[in-house]
Amino acid sequence: MAFPAPEHAVLVDTEVFAAVRLDFDNPNLTHLAVLSRSGRVKLLITSVILDEIKSKIVEQVEEIAKQMRQAADQPLLRVFDQSITSMVMHEKWIGDLTNVGVKRLENYLTAAQIEVLQVDGVSNGEVMADYFAKRPPFGSNKKKSEFPDAFTLHALRNWAKDQKLPVTLISGDNDLKRFCESNQSIAYEASLAAFLAIFPDPVISKRVVDWLDDRWQEVEPWIIKQFEKLDFYLDGADGKIATVTVEEAIPMEYAVVEIETGVARVSVDVELTANATAELRMKSAAYPRGINIPVADKLKEYFQLSLDVAVELDGNNTPAAIKDIAIVARPSMPSFTWEHDDS
């Protein structure tokens, strides 16, 4: 399901990527990317963080190269395959591995739809004022990361001023935590896992969606029955809708929005195809006030609904039964359009 507007904006600090050793296939990073693509979360990094991650990639490659050179120097490995020793000693191999690391980063940025905030607009004067006043992230430790962090934090604060959604910074750095504590517009989470805890478990969610989709034939008759009970209107002519028959109700998108003990709540966007018969209001000398006359033409329309489906879960969080269904969004005045050509 595509959400109409993000529920959160999140800036992910370099430390979060470093904590998973730049594994962009990490389950938590993958879950975050899914939330971003669904529209629930707006993901951010800054140009400073992007450069820091690339620097971390270079450091990781250098560490891998060091370890492999040490391994390649072992007599048994040299006897096993001399080409391995030659490969790891070649500088081109290091460059190729670095390029692979950077490409994986770029692929993740694209897949997670991450917006990169530029720090060019941050005032040097504001950063220096914080430095001399020892305001966060500056302190007595004089870490070399304080200035890059300061530009990132000011860029985030500037961006957050014009936003109408909660903004969260995820980082394990206590200096960044102190900055958030002094800026009420930015919340702080110490880890990605802590932030993701407010969203449904992706494994259980997929299990629920697959189960519900397999049992759609149990949901469709209920939707059709409820929809056909609504009051319908005729557009384009004086008259009324006589009968409505739904051909099919197709689930377009599912989204598990909440998982509680024993229950998963699923939002489902549905498209209905419906046919109708109409009666037109006719006036004549015999019926000056008018009379409804059935017409042979059948009308056809498509309608969108949103459902809230409660799925009962067993002790292993496996779907067991449909507990409740409710229509939470529908056309306020569902209508069919008369397009008869009188010519």
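The values are calculated or read from the model by the stated rules, or taken from the named source; none is laboratory data. The structure presented is a predicted model; accordingly, all values stated were derived computationally and were not measured. All Cβ positions, glycine included, derive from the backbone under ideal geometry; neighbour counts span all protein chains shown.
Numbers at a glance
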{"item": "Residue that is nearest to the chain's Cα centre (by Cα) [pool: residues in the stretch 179-209 that are closer than 14 Å to Asn28 by Cβ and among the aromatic types (Phe, Trp, Tyr)]", "result": "Phe199"}
{"item": "Failed item in (1) closer than 30 Å to Phe336 by Cβ; (2) touching a helix residue (DSSP H, G or I) at 6+ places or on another chain (Cβ under 6 Å), with Tyr188 passing the rest", "result": "(1)"}
{"item": "Qualifying residue in the stretch 166-185 (condition: in contact (Cβ under 8 Å) with a residue 60 or more places away in the chain, in a loop (DSSP other than H, G, I, E, B), within 30 Å of Ala255 (Cα to Cα) and assigned by TED's automatic domain parsing to the domain that holds Ala320)", "result": "no"}
{"item": "Subset of the stretch 186-227 [surrounded by 12 or more Cβ atoms within 10 Å (Cβ to Cβ), in a helix (DSSP H, G or I) and of a type in the set (Val, Ile, Thr)]", "result": "Ile204, Val208, Val209, Val219, Ile223, Ile224"}
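Yes/no matrix, rows are residues, columns are (1) part of a strand (DSSP E or B); (2) at pLDDT below 90; (3) among the aliphatic types (A, V, I, L, M):
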residue: Val256; (1), (2), (3): yes, yes, yes
residue: Leu272; (1), (2), (3): yes, no, yes
residue: Arg289; (1), (2), (3): no, yes, no
residue: Asp297; (1), (2), (3): yes, yes, no
residue: Leu307; (1), (2), (3): yes, no, yes
residue: Ala310; (1), (2), (3): yes, no, yes
